[in-house]
Amino acid sequence: MDLKTALYDWHVAGGGKMVPFAGYLLPVQYETGIIAEHMAVRTKAGLFDVSHMGEVLYEGKDALVNLNRLLTNDFSNMVCGQVRYSLMCNEQGGVVDDLIVYKYSDVKYMVVVNAANRAKDVRWMQAHAFGEVDIRDISDDMSQIALQGPLSTEILKKITDEQSIPKKYYYFNGDAKIRDVNCIISYTGYTGEVGYEIYMPSQDAPAIWELLLEAGKDLGLLPCGLGARDTLRLEASMPLYGHELDEDITPFEAGLHFAVKMEKDDFLGKSALERLGPPKRKRVGLTITGRGIVREHTALYVGTQPVGITTSGTYLPYLGKAVAMALIDNDFAEINTTVEADVRGRRITAEVTALPFYKIKR
């Protein structure tokens, strides 16, 4: 049976079109529609219920060494209040999940994982734990709301003091308050815009949601669903687990070298990545030059030769064009290379394009 977030009743009353996603019932869009929601985030602000994401606490004197041994990034030089992206690999070098790590102290970290992988991830983490560390899934007690867009800071300042708002990208305030509610406010997001992810006890989520909507009412803030969340992350060229990442795709194939520190003493999957050597395919962007939209899992060709497969694809409202991301053989991954996508027996031309499609200056 699908779960409901603390905001489920609001979504239904607010006209959300509810769909099952990652074990939850969530709005795919509201009456405004995906395009309007997408454009609101790019030009003003949007509000997302992302309470389906998983939160896992690592506590104890061996918390850091556990994270460094399990994950691909290096957390040794993190400061308190910093956030860091990482991959979690299997023994073959494939990706179990991608996630972000929040450092509270030298003995306390929070790891945020993808909703569909939550149970799998917690089992994996606990199975590979050692020493003095307590690993605890706190997802059921927390809700997460994402406020994203160029006006998000202005909106947030209406309901909290400036000291509660982190100033630097990929930093957080673990002692923030919105009105009288204790929150975590994180300068992070999955849209490619300025924005914040706000964590709070689930019982307080409806009040915080209403406060944010009221604060942003005159600034064009819209509630947004899963549809806009996906088009926004694709426009910003952010990978999605199950598309650009899975247990058969390595971090290097996905172009996530920055999050893999091979100079570390060891981490799960390191020896496999060393053995595999340089990847034979890479994640690239495609601009669709033919007529039509190319979705995920579409075969790509140069002439009669198969050269790769798309991982995500759609029409991007803000950029005004159809694009896709794909895993393509190195020999055909050069910028401006023309490929063809086989869409139900019809060939649609596309051109290899640099990623990201969209990026703001921070």
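Computed quantities for the displayed model
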{"item": "Distance between segment 38-103 and segment 167-215 - C-alpha centres, whole angstrom", "result": "17 Å"}
{"item": "Residues TYR315, TYR196, TYR358 arranged by fewest to most Cβ contacts within 10 Å", "result": "TYR315, TYR358, TYR196"}
{"item": "Charge sum, other residues only, whose C-beta stays under 10 Å from GLY227's C-beta, Lys/Arg counted +1 and Asp/Glu -1", "result": "0"}
{"item": "Computed magnitude of the charge dipole of segment 226-298 (debye, nearest 20; Cβ of K, R +1, Cβ of D, E -1)", "result": "300 debye"}
{"item": "Total charge dipole magnitude, segment 103-220, about the Cα centre, Cβ charges on Lys, Arg, Asp, Glu only, Debye to nearest 20", "result": "280 debye"}
{"item": "Mean Cβ count within 10 Å, highest first, over the residues of peptides 227-239, 319-331, 1-13", "result": "227-239, 319-331, 1-13"}
{"item": "Pairs beyond 27 Å (Cα-Cα), from LYS321/LYS361; LYS61/LYS167; LYS17/LYS321; LYS280/LYS361; LYS108/LYS270", "result": "LYS61/LYS167; LYS280/LYS361"}
{"item": "Helix-derived mean residue ellipticity, 222 nm - over the chain, DSSP H n ≥ 4, -39500 (n - 2.57), to 500", "result": "-5500 deg cm²/dmol"}
{"item": "Alpha-carbon centroid distance for the pair segment 1-18 / segment 284-337, whole angstrom", "result": "34 Å"}
{"item": "Where N is the number of residues in the chain, Cα Rg divided by 2.2 N^0.38 Å", "result": "1.00"}
{"item": "Summed side-chain charge close to ASP331 - residues other than ASP331 whose Cβ falls under 13 Å, Lys, Arg +1, Asp, Glu -1", "result": "+1"}
{"item": "Taking all pairs of distinct alpha-carbon atoms in segment 228-296, Kirkwood radius in angstrom", "result": "14.1 Å"}
{"item": "Listed residue (VAL79, GLY94, TYR190) projecting farthest to the positive dipole end of the chain, Cβ model", "result": "TYR190"}
{"item": "Sorted by Cβ neighbour density within 10 Å, fewest at the top, the residues ILE138, ILE178, ILE198", "result": "ILE138, ILE178, ILE198"}
{"item": "Sorted by Cβ neighbour density within 10 Å, fewest at the top, the residues LYS361, LYS280", "result": "LYS361, LYS280"}
{"item": "Local electrostatic count at ASP137 - Lys and Arg +1, Asp and Glu -1, tallied over other residues with Cβ under 13 Å", "result": "-2"}
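Where a number appears in this text, it was derived from the coordinates with a stated rule and is not lab data. Just so we're clear, the structure is a prediction, and the values are computed from it rather than from any experiment. Here the Cβ is made from the backbone with ideal geometry for all residues, glycine too, and neighbour counts use every protein chain on show.
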